[in-house]
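Asker: Okay, handing you the structure first.
The values are calculated or read from the model by the stated rules, or taken from the named source; none is laboratory data. Small disclaimer: the values here were computed from a predicted structure and weren't measured. Reconstructed Cβ throughout: ideal geometry from the backbone, glycine too, with neighbour counts over all protein chains shown. Remember, those area values only see protein heavy atoms, side chains included, never the ligands or the DNA or RNA. Shrake-Rupley method; radii C 1.70, N 1.55, O 1.52, S 1.80 Å.
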Amino acid sequence: MNLPQHVAIIMDGNGRWAAARQLPRHAGHKAGISALRACVKTCSARGIGALTVFAFSSENWARPAQEVSLLMGLFVEALDQQVEELHANGVRLRFIGDRQRLSVRLQSYLAATEARTAANTGLVVNVAMSYGGRWDITGAVRTLAAKCAAGSLRPADISEDQVAQALQLAALPDPDLFIRTGGEHRISNFLLWNLAYTELYFTDCLWPDFDAGQLDAALTFFGARERRFGRTPEQARSPASA
């Protein structure tokens, strides 16, 4: 089966999962972390090269202060408990997003985690925290504008590749497969530039229930897709165009 090398996921449905069990939302988020841990293991086992997950969006700052505080505490707790296991399994952890909005303590945890796993050569896990696709593109525009102002780049010479290299995921190829759990059918300001040619897979499964079988269903969906990138079906199937 043809597998994606980079999978992006919006992990939606934690709150509804908790509500269905008459549990506080916080319990749903904790269950979601367990689901993410299992997903990382499955991606590693399947030979997928990169996984990018939407943990906390720019818009999530508008949630009740107590919920935001609990989420931030969960991030720290998860890093404390799981980084060494991930490191032992060769996983490289990276964090994308506006770190300046995070607490100094959490910023320190993120930096230490990245340093700890930087040399690992297995699955690359990108965790999007305080991230928004429009924020990402705006940052890239500012970077290129600064180069133009400094005289090291002409506006006429700005290319799509230069924009892509100024984005948060510059070091990786764009996602091949996007998965959103929880029944919503939108990308919600996630990786707006990078998802231009990504295959989109939506499932009603709530994130805490997303297991290896659910992931394999998404991979099967991807394997059946014909990825043409603007070419005709005949061109896409030609070995010369591969």
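Asker: What single numbered condition from (1) in a loop (DSSP other than H, G, I, E, B); (2) at pLDDT 95 or above; (3) surrounded by fewer than 14 Cβ atoms within 10 Å (Cβ to Cβ) fails to hold for A111?
Answerer: Every condition holds for A111 apart from (1).
Asker: Moving on to the next point. If I go through segment 143-153 residue by residue, how many of them are surrounded by 16 or more Cβ atoms within 10 Å (Cβ to Cβ) and not in a helix (DSSP H, G or I)?
Answerer: Of the residues in that region, 1 qualify.
Asker: Would you point out the residue of segment 122-142, among those that are polar (S, T, N, Q) and open to solvent by less than 10 Å² (accessible area, probe 1.4 Å), that is farthest from the chain's Cα centre (by Cα)? Before the answer, list the steps.
Answerer: So in segment 122-142, the residues polar (S, T, N, Q) come out as 126, 130, 138.
If we keep only those that are open to solvent by less than 10 Å² (accessible area, probe 1.4 Å) too, we end up with 126, 130.
Values: N126: 5, S130: 12 Å.
Out of the qualifying residues, it is S130.
Asker: Limited to segment 114-134, what total is found for residues that are in contact (Cβ under 8 Å) with a residue 12 or more places away in the chain and either in contact with a His (Cβ under 7 Å, 6 or more places away or on another chain) or in a helix (DSSP H, G or I) (or both)?
Answerer: 6
Asker: Can you spot a residue in segment 178-186 that is at positive phi and within 23 Å of the chain's Cα centre (by Cα)? Even if it seems obvious, please write down each step before you answer.
Answerer: Restricting attention to segment 178-186, the residues satisfying the condition of being at positive phi are 182-183.
Add one more test, that the residue is within 23 Å of the chain's Cα centre (by Cα), and what stays is 182-183.
Yes, the conditions are met somewhere in segment 178-186.
Asker: Does any residue of segment 46-68 turn out to be among the polar types (S, T, N, Q), open to solvent by 80 Å² or more (accessible area, probe 1.4 Å) and either in contact with a His (Cβ under 6 Å, 6 or more places away or on another chain) or on the phi < 0 side of the Ramachandran plot (or both)?
Answerer: yes
Asker: Regarding D204, is this residue more than 13 Å from I9 (Cα to Cα), open to solvent by 30 Å² or more (accessible area, probe 1.4 Å), among the acidic types (D, E) and in a loop (DSSP other than H, G, I, E, B)?
Answerer: Values: more than 13 Å from I9 (Cα to Cα): yes; open to solvent by 30 Å² or more (accessible area, probe 1.4 Å): yes; among the acidic types (D, E): yes; in a loop (DSSP other than H, G, I, E, B): yes.
Spelling it out, D204 is indeed more than 13 Å from I9 (Cα to Cα), open to solvent by 30 Å² or more (accessible area, probe 1.4 Å), among the acidic types (D, E) and in a loop (DSSP other than H, G, I, E, B).
Asker: Can you tell me which residue within segment 175-198, out of those that are crowded, with 20+ Cβ neighbours inside 10 Å and charged (D, E, K, R), is nearest to R227 (Cα to Cα)?
Answerer: D176
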